[in-house]
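Asker: Sending over a structure as structure tokens; questions will come in a sec.
The values are calculated or read from the model by the stated rules, or taken from the named source; none is laboratory data. This structure is a prediction, so every number in the text was calculated from the model and none was measured. No Cβ is skipped: glycine too gets one built from the backbone with ideal geometry, and neighbour counts run over all protein chains shown. These accessible areas exclude ligands, DNA and RNA; they are computed on the full protein's heavy atoms, side chains included. Shrake-Rupley method; radii C 1.70, N 1.55, O 1.52, S 1.80 Å.
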Amino acid sequence: MKIAVLPGDGIGPEIVAQAIKVLEALRGDGLKIEMEHAPIGGAGYDAAGDPLPEATLALAKASDAVLLGAVGDWKYDTLPRDKRPERGLLRIRKELNLFANLRPALLYPELAAASTLKPEVVSGLDIMIVRELTGDVYFGQPRGISTLPNGEREGINTMRYNESEIRRIGRVAFEIAMKRNKKVCSIDKANVLETTELWRQVMIEVAKDYPQVELSHMYVDNAAMQLVRAPKQFDVMVTGNIFGDILSDEASMLTGSIGMLPSASLDQHNKGMYEPSHGSAPDIAGKDIANPLATILSAAMMLRYTFNDEANAARVENAVKKTLAQGVRTADIVTEGCRKVGCAAMGDAVVANLG
Ligand code: NAD
């Protein structure tokens, strides 16, 4: 199995280095993997004048999976839009046809106190957010900023989904629900947006193939509220690109820190890109204080979803659990009585706990 390693910008290189330590340890125990590095985002722009250099895209296409850190830094904010780091990320998702983004929000019991919500509201939380990743208002045409005849500027983006795009993400959500608690909540805004009215109709059609799964619908504004009011009511949530972007960040805080949330983005054949749900955190880059657990847990998702290696995936997840149970914490999740460590030491602790 070949892994394209794309560390990116900001804290990307530090956190990816910890996931690599874990993968190297598994390789030492017989896991057959090969890893090759390439630049993306601001690092891609610096290396080749392009946030997604051709060589990086070629490597990603030739690999079985991609392990990504994060992209973006304020210093690139003045570049033309198509040269900005985030464009590299949107393009690689589109080029690899990674339409299904899986974001688990799982609360480790040891971190209940790190959540801003009361422990009784969040303890036992285990939600899987399934976000469509290649359509919606982020990609719809027409888009842009233009000047009207009266001299006023106008910004346009287009929310757009076709039936087959909705159906394939719906299937992913129902398949995952079959392996969990058999509940899917589809999030839309069908009362005002026709695109999501179609979304709801197609979800109802998909549900007919999964009679064991209970389908419910919720408007996105209510879902945002329910996620902080009573988050344990959810099992699998399925939604479009923009709603999923926002709701998954909200869900991440239920778990204590955005530094804990992994993600997988899959194509139709389970080839995937694995990355933490957070960004490049330029405010803490290079200080050895970032939490690498979301990236390490993303590597565990890679083992599970692309390599079909449940044993090693569980081994990594258990090592993370054990590390947290030992009271080892990075700054973002530290609470009284715990031992605060840096990014690299957290990686070492997980490796030591692989067992
Ligand atoms: P961010 O997620 O980078 O940071 C938000 C806050 O969370 C910051 O205070 C940061 O220090 C903290 N944080 C994030 N990850 C952490 C970790 N692992 N450990 C500890 N603390 C962590 O979001 P932002 O500040 O809005 O954006 C910064 C840059 O990241 C921007 O250029 C943005 O475009 C980019 N971004 C990239 C991605 C991606 O690569 N997938 C996603 C979101 C934002």
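Asker: Report, by residue number, each residue of the range 214-228 that is without any contact (Cβ under 8 Å) to a residue 24 or more places away in the chain and either assigned to a strand (DSSP E or B) or open to solvent by 30 Å² or more (accessible area, probe 1.4 Å) (or both).
Answerer: Scanning the range 214-228 gives N222, M225.
Asker: Residues in the range 262-305 that are open to solvent by 20 Å² or more (accessible area, probe 1.4 Å) and more than 16 Å from the ligand (Cβ to nearest atom): how many?
Answerer: Number satisfying all stated conditions: 7.
Asker: Residues of the range 54-87 being free of Cβ contacts under 8 Å to residues at least 60 places away in the same chain and either under 18 Å from T295 (Cβ atoms) or part of a loop (DSSP other than H, G, I, E, B) (or both), which ones?
Answerer: Selection gives D77, T78, L79, P80, R84.
Asker: Let me ask something else. Looking only at the range 1-55, count how many residues are in contact with a Cys (Cβ under 9 Å, 6 or more places away or on another chain) and within 23 Å of T306 (Cβ to Cβ).
Answerer: Total satisfying the criteria: 3.
Asker: Residues in the range 1-53 that are within 16 Å of the ligand (Cβ to nearest atom), in a helix (DSSP H, G or I) and of a type in the set (D, E): how many?
Answerer: Result for the range 1-53: 2.
Asker: Against the definition (more than 11 Å from the ligand (Cβ to nearest atom), hydrophobic (A, V, I, L, M, F, W, C), in the same structural domain as M1 (by TED's automatic domain parsing) and open to solvent by less than 10 Å² (accessible area, probe 1.4 Å)), how does V350 come out, yes or no?
Answerer: So V350 fits the description; yes.
Asker: A further question on this structure: Considering only residues that are in a helix (DSSP H, G or I), open to solvent by less than 10 Å² (accessible area, probe 1.4 Å) and either out of contact with any Pro (no Cβ under 9 Å at 6 or more places or on another chain) or outside the structural domain of G69 (by TED's automatic domain parsing) (or both), which ones fall in the range 306-337?
Answerer: Matches in the range 306-337: A313, V316, A319, V320, T323, I333.
Asker: List the pairs whose first member sits in the range 117-144 and is assigned to a loop (DSSP other than H, G, I, E, B), whose second member is open to solvent by 10 Å² or more (accessible area, probe 1.4 Å) and acidic (D, E), and whose Cβ atoms are under 9 Å apart, counting only residues at least 6 apart or on separate chains?
Answerer: So the pair list comes out as T134/E165; G135/E165.
Asker: Among the listed residues L67, L89, which satisfies the condition of being hydrophobic (A, V, I, L, M, F, W, C) and away from the ligand (no atom under 12 Å from the Cβ)?
Answerer: L67
Asker: Restricting to the range 70-80, name every residue that is open to solvent by 10 Å² or more (accessible area, probe 1.4 Å) and either more than 12 Å from the ligand (Cβ to nearest atom) or under 21 Å from G272 (Cα atoms) (or both).
Answerer: V71, T78, P80
Asker: Residues of the range 241-256 being within 12 Å of the ligand (Cβ to nearest atom) and buried (at least 21 other Cβ atoms within 10 Å of the Cβ), which ones?
Answerer: S248, S252, G256
Asker: Taking the conditions exactly as written (more than 20 Å from E95 (Cα to Cα) and among the aliphatic types (A, V, I, L, M)), does M273 satisfy them or not?
Answerer: For M273, the condition - more than 20 Å from E95 (Cα to Cα) and among the aliphatic types (A, V, I, L, M) - is not met.
Asker: Something else: Which of (1) in the same structural domain as K340 (by TED's automatic domain parsing); (2) more than 16 Å from the ligand (Cβ to nearest atom) does W199 not meet, given it meets every other one?
Answerer: (1)
Asker: Now a separate question. Conditions first: (1) aliphatic (A, V, I, L, M); (2) within 16 Å of the ligand (Cβ to nearest atom); (3) farther than 23 Å from L266 by Cα. A105 passes all but one, so which condition is the exception?
Answerer: (3)
Asker: Could you tell me whether the range 172-181 includes any residue that is more than 23 Å from L98 (Cα to Cα) and part of a loop (DSSP other than H, G, I, E, B)?
Answerer: Yes, some residue in the range 172-181 is more than 23 Å from L98 (Cα to Cα) and part of a loop (DSSP other than H, G, I, E, B).
Asker: If you scan the range 240-262, which residues turn out to be at pLDDT 95 or above and in contact with a Lys or Arg (Cβ under 6 Å, 6 or more places away or on another chain)?
Answerer: G244 - this is the single residue of the range 240-262 that is at pLDDT 95 or above and in contact with a Lys or Arg (Cβ under 6 Å, 6 or more places away or on another chain).
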